[in-house]
Amino acid sequence: MTASYSFKAALWLYPGEAGWHFLTLPAEIADDVRVQTAGSSKAFGSIKVKAEIGGHSWQTSLFRDNKSSSYLLPVKKGVRDKAKIDEGDEVTVHLSLDGL
């Protein structure tokens, strides 16, 4: 069984030189992900997922974010370019937890 979610979130840029872009999972989805993956997260609390934005999918990991009490979904440059999205854009995300 695979746990799947759809949500809208605004793309934001992590402050610093690296230029990482993220989406923050809504609280109710983060809570469910936490329950679904209890005891099975990897290094740094990461959780393997498949994500899709604008018809472009990729394999990545969610990372715990103590500041927001949620999870962060990194969106790499190749996906941002293909989906034609940038910092501040609200996007629809389809997310599935690998291996559940």
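Readers should treat all values here as calculations from the given coordinates under stated rules, not as data from a laboratory. The model shown is predicted, which means the values in this text are computed figures rather than measured ones.
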*asked:* Ignoring everything except DSSP H segments at least 4 long, calculate the 222 nm mean residue ellipticity for the chain; use -39,500 (n - 2.57) per segment, divide by total residues, nearest 500.
replied: -4500 deg cm²/dmol
*asked:* Going by amide H atoms built from the backbone, whose H comes under 5 Å of the H on Val49, apart from near neighbours?
replied: Thr60, Ser61, Leu62, Asp98
*What pairs from Lys8/Lys50; Lys48/Lys84; Lys50/Lys76; Lys48/Lys76 go past 18 Å between their alpha carbons?*
Lys48/Lys84
_Helix 27-36 against the longest principal axis of the chain: what's the angle in degrees, Cα atoms only, rounded to the nearest 10?_
40
